[in-house]
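All remarks here apply to the structure that follows.
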Amino acid sequence: MRILWLKSELLHPVDKGGKIRTYQMLKQINRVHDVTYLTFLDPKDSPESTQRAAEYCQRLALIPRSETQKNGVHFYSDLALNLGSKLPYAIQKYRSTEMRQAVERELSERNHDVVVCDFLVPSINLARDRRCPAVLFQHNVESMIWRRHYEVQTNKIKKAFFRSQWQKMYWYEREACQSFDAVVAVSRDDREQMRNEFGLTQVYDVPTGVDTEFFRSTRAAREPFELVFTGSMDWMPNEDAIIYFIEKIMPRIADWNPQVTLTVVGRSPGKDLKALAESNAQIKITGRVDDVRPYIDKASAYIVPMRVGGGTRLKIYEAMAMGKPVISTTVGAEGLPVRDGRELLIADQPEDFAQAVIRALSDLPFAAKIGEQARTLVCEQFGWERAAQAFMQVCEKVVNRRASKRAA
């Protein structure tokens, strides 16, 4: 099958959840199918980013684009201009005449069997009146993320902004989803939400995967009172989670044992998080690292205190594959087939979350059992090959359905 895969960025470095999922699945798909990967090229992208694209596609097509720096004059100017737009800012900023023309050239000059729109963002540059069947790969329900930002925000100005973005995103996401031949979600929860809220009939889910050979504990020396969190810190739900944990949960744990430390591993930590770390010696921030495994390996527990988000958290599967006891909120573990008290611990209120962490740090046999059961689950059920096969089955359905309609 000839696939035109639309994305907003190159995949290397493979350093965040959306990139990891796409990279691992495309590696499997590209072994059997002919993938053309069309995306933006940012001036900050390294030559390695383009060279390594051969790992996941047969052919690479690039459209130059510069990202507006957050917190700069142009950024706030763009936000102000967006107030008068029907599009949410996260979609509008990627609208590109050059990209739309490149997509149209691909579809007119090359005989692609199916277009895959990876995340909602590329859909802004994909015409609705297209002959080629198209699949939307939804890693999140985007409007739900903005709704949750609105719900947890206390600053009145920011709350009003998030409410506006949530409403714009909802209507754009609904219309975009309905324009595709099929939508693929990454969990049953997301699938059912899109079916119910957007009125979709051709919506499917594919399992989340993890490389269980790569994410394997080395049995390195464990720090008895160290917690760890991994994730891109320039993604607002991750930043919100860690600031919330530091301000609301960590003081309760420190009352039990002031030796407990937290290591935050992930690229682009913001100034608010850096300020909290500077004022508290128990908090360590690494920034971007080449390999998260040593940090997970030496910690005694892995935390996922998410209040905002959607899709599925690959970070949880990675920690589970390494045999770590995971403490998560309900939102953090949303969409994953895991059970509280068996493969991980779930707690939503600050006091409950703190007590779950304390139990994982103090009851070592219990923590070890949780970690062992977690690794067993992901090893048995969640390989990337299975996820890629499920995705391609949807693509084949779409292509066959469109062919049947043309024949009729």
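Couple of notes before you dig in:
- Residue with peak Gaussian network fluctuation, the chain [Cα springs, cutoff 10 Å], from PHE180, PHE391, PHE75: PHE75
- Segment GLU151-MET1, extension gain: residue separation times 0.36 nm, minus the distance between their alpha carbons: 49.7 nm
- Separation of the LYS284 and TRP256 label points, Cα + 7 Å toward Cβ, nm: 2.1 nm
- Ordering ASN111, TYR37, VAL304 by Cα displacement along the dipole of the chain toward the positive end leaves ASN111 in first place; charges were set at the Cβ atoms of Lys, Arg (+1) and Asp, Glu (-1).
- Using R0 = 35 Å, the C-beta based FRET efficiency linking GLU247 and GLN101 works out to 0.15.
- For LEU41, the residues whose modelled amide H falls within less than 5 Å of its own, excluding neighbours fewer than 5 places apart on the same chain, are ILE63, ARG65.
- Gain on full stretching of the segment that runs from LYS86 to ALA127 - 0.36 nm per residue minus C-alpha separation: 13.0 nm
- ASP348/ARG174 FRET efficiency (R0 25 Å; Cβ-Cβ; nearest 0.05): 0.30
- Residues in segment 145-184 reached by a label modelled at ASP340 [backbone nitrogen below 20 Å; 7 Å Cα→Cβ]: none
- Cα-based shape type of segment 273-321, given that a ≥ b ≥ c are square roots of the gyration tensor eigenvalues and the cut on a/c is 1.5: oblate
- Normalised Debye scattering of the chain at q = 0.11, 0.13 Å⁻¹ gives log10 I(q)/I(0) of -0.84, -1.18, counting only Cα atoms as equal scatterers and leaving out solvent.
- Portion, in percent, of the accessible area of the chain that falls on carbon or sulfur, probe 1.4 Å: 48 percent
- Å² per residue, accessible surface of segment 197-339 at 1.4 Å: 39 Å²
- Taking the chain as a Gaussian network of alpha-carbon nodes connected by springs under 10 Å, the highest mean-square fluctuation of the residues ILE285, ILE296, ILE316 belongs to ILE285.
- For the pair segment 146-190 / segment 323-342, the C-alpha centres are spaced 24 Å from each other.
- Cα centroid of segment 355-390 to Cα centroid of segment 282-316, whole Å: 15 Å
- Paramagnetic label reach from SER404 (point 7 Å along Cα→Cβ; backbone nitrogen cut-off under 14 Å): within segment 186-202, residues 202.
- In terms of the mean number of neighbouring beta-carbon atoms within 10 Å, the peptides 47-59, 369-381, 129-141 order highest first as 129-141, 369-381, 47-59.
- Largest mean-square fluctuation among TRP146, TRP256, TRP384, in a Gaussian network model of the chain whose springs join Cα atoms under 10 Å apart, belongs to TRP256.
- Applying 0.36 nm per residue to the separation of CYS379 and SER362 and subtracting their alpha-carbon distance, the gain on full extension is 3.4 nm.
- Pairs exceeding 30 Å between alpha-carbon atoms, taken from LYS159/LYS315; LYS271/LYS298; LYS44/LYS315; LYS27/LYS86; LYS27/LYS158: LYS27/LYS86; LYS27/LYS158.
- Assigned charges on the beta-carbon of Lys, Arg, Asp, Glu; segment 49-108 dipole about Cα centre (debye): 60 debye
- SER268-GLU223 pseudo-label distance in nm [points 7 Å out on the Cα-to-Cβ vector]: 2.6 nm
- Evaluating 6.51 cos²θ - 1.76 cosθ + 1.60 at θ = phi - 60° for every residue in segment 167-175, the Karplus couplings come out as 5, 5, 5, 4, 6, 5, 4, 4, 5 Hz, glycine and proline recorded as x.
- Between helix 188-198 and the chain: long-axis angle, C-alpha atoms, 0 to 90°, nearest 10: 50 degrees
The values are calculated or read from the model by the stated rules, or taken from the named source; none is laboratory data. Everything quoted here is computed from the prediction, not taken from an experiment. For neighbour counting, all protein chains shown are included, and Cβ atoms are generated from backbone atoms with ideal geometry for every residue, glycine included. Each accessible area value is taken on the protein alone, full model and side chains, heavy atoms only, with ligands, DNA and RNA left out. Shrake-Rupley method; radii C 1.70, N 1.55, O 1.52, S 1.80 Å.
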